[in-house]
Amino acid sequence: MITNDIFTERLHLNLLKNDDHPFILELVNTPGWLQFIGDRNIRTEEEAKAYIQKVTENPQIHYWTVTPVNEERAVGIITLVKREYLEYSDIGFAFLPDFEGKGYAAEATRVVLYSVPEILQDDKILAITTEENRRSVKLLEKLKFCFDGVIEADGKTLWQYSLDKNHLLIEKSTHAFYRIFSNTFQQPDFEKIYELCSPSANIIKKSDDGTEIYDLKSFIDPRKKILTDGTLTEFSEWETAEETKAVGDIAQRYSKYRKRGWLHGNYFEASGHKMFQLMKEHGVWKIVHVIWEDEG
């Protein structure tokens with residue numbers, strides 16, 4: 001069963017259903033869809049319903065509608081399609097013009113990549129676009145998809161990109177590590193750290209005052225206290241840039257981050273650097289070492 005309800009801090013994703021026909025009718029007739037995806041000749045609600053039925057009845061096609069939590073209607077879609085001319089499934093995205101440029105496409109694509117187990121059954125996930133669709137190319141590069149080359153399909157010249165499964169899994173673990181400590185929209189899942197990390201993992205803080213070295217318990221316990229007793233509220237920390245190198249079953253990820261929240265009632269923002277070292281154990285990437293340093 002393909003994953004249905006998917007949430008991020010700003011978005012709610014649902015599998016496409018028949019009631020979404022007004023949105024689909026609007027989306028497939030936007031200038032961007034017509035130019036870069038193609039005219040599906042859908043001009044009425046009945047034709048939109050027929051299109052949705054064709055999508056939902058095909059086990060090789062999955063569409064998720066994307067709805068911001070502060071909106072009452074869908075504003076975009078994420079697609080996962082196994083095409084006959086591609087070795088692996090490809091992921092795609094399309095949004096209404098008024099909701100482009102807000103980061104929704106990247107956020108929604110990333111959460112589908114992280115949340116849908118079927119994606120991780122293959123060695124790669126693909127994406128296709130055109131040279132002219134610079135917005136799409138820029139987003140794929142932001143998501144760390146690599147350019148594979150040019151292919152001819154459906155009478156079009158397409159650019160093919162791919163994302164390696166190991167890179168995706170390492171990125172998923174890294175983002176999950178950051179989310180452990182967020183208490184802005186949810187209660188932190190402190191036990192998650194024991195799932196993500198090797199039992200013998202060390203976490204090190206480097207600062208001008210010296211070096212602090214923690215095992216998992218000594219690291220998580222004081223953070224659990226301040227994130228639940230009101231000391232640190234509305235806290236979130238997220239990655240802003242990264243470089244990952246994996247060789248065999250070992251990997252290293254440089255991660256630049258930002259964080260913000262309210263500490264003792266005072267608002268703060270900060271940034272810094274983390275270095276993650278990971279090792280694949282029984283097919284699962286585990287964090288074995290983290291060292292970080294705040295800037296400033």
I need the full set of residues from region 125-140 which are surrounded by 21 or more Cβ atoms within 10 Å (Cβ to Cβ) and either of a type in the set (Gly, Ala, Ser) or under 16 Å from the mean Cα position of the chain (by Cα) (or both), in order please.
125, 126, 127, 136, 140
Please identify the pairs in which a residue from region 41-60 that is hydrophobic (A, V, I, L, M, F, W, C) has its Cβ atom under 8 Å from the Cβ atom of a residue that is assigned to a loop (DSSP other than H, G, I, E, B), counting only partners at least 6 apart or on another chain.
42/28; 42/29; 48/28; 48/42; 52/16; 52/17; 55/16
Could we say that residue 257 is open to solvent by 50 Å² or more (accessible area, probe 1.4 Å) and not β-branched (Val, Ile, Thr) here?
no
Taking region 211-252 and the residues there that are in a strand (DSSP E or B) and closer than 18 Å to residue 268 by Cβ, the one that is farthest from the chain's Cα centre (by Cα) would be 232
When you go through (1) touching a His at 6+ places or on another chain (Cβ under 9 Å); (2) open to solvent by less than 40 Å² (accessible area, probe 1.4 Å); (3) over 30 Å from residue 164 (Cα atoms); (4) not aromatic (Phe, Trp, Tyr) one by one for residue 79, which number turns out not to apply?
(3)
Go through region 1-31 and give me each residue that's surrounded by fewer than 12 Cβ atoms within 10 Å (Cβ to Cβ), not polar (S, T, N, Q) and not in a helix (DSSP H, G or I).
1, 2, 5
Could you tell me whether residue 296 is free of Cβ contacts under 8 Å to residues at least 40 places away in the same chain and assigned to a loop (DSSP other than H, G, I, E, B)?
yes
Looking at (1) open to solvent by 20 Å² or more (accessible area, probe 1.4 Å); (2) outside any loop (DSSP other than H, G, I, E, B); (3) modelled with pLDDT of 95 or more; (4) within 28 Å of residue 9 (Cβ to Cβ), find the lone condition where residue 167 falls short.
(3)
Within region 212-226, how many residues are more than 17 Å from residue 179 (Cα to Cα) and free of Cβ contacts under 8 Å to residues at least 12 places away in the same chain?
4
On the basis of being buried (at least 16 other Cβ atoms within 10 Å of the Cβ), among the acidic types (Asp, Glu) and either at pLDDT below 95 or under 28 Å from residue 141 (Cβ atoms) (or both), does residue 98 make the cut?
no
Where residue 131 falls short, out of the listed (1) charged (D, E, K, R); (2) part of a helix (DSSP H, G or I); (3) in contact with a Ser or Thr (Cβ under 8 Å, 6 or more places away or on another chain); (4) farther than 23 Å from residue 58 by Cα:
(2)
Selection from region 131-153 of residues closer than 14 Å to residue 36 by Cα, without any contact (Cβ under 8 Å) to a residue 40 or more places away in the chain and of a type in the set (Asp, Glu) yields 131
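The values are calculated or read from the model by the stated rules, or taken from the named source; none is laboratory data. Not measured: the values here are computed from a predicted model. All Cβ positions, even for glycine, are placed from backbone atoms using ideal geometry, and neighbour counts span all protein chains on display. Quick note on the areas: whole protein, heavy atoms, side chains included, nothing else; ligands and nucleic acids left out. Shrake-Rupley method; radii C 1.70, N 1.55, O 1.52, S 1.80 Å.
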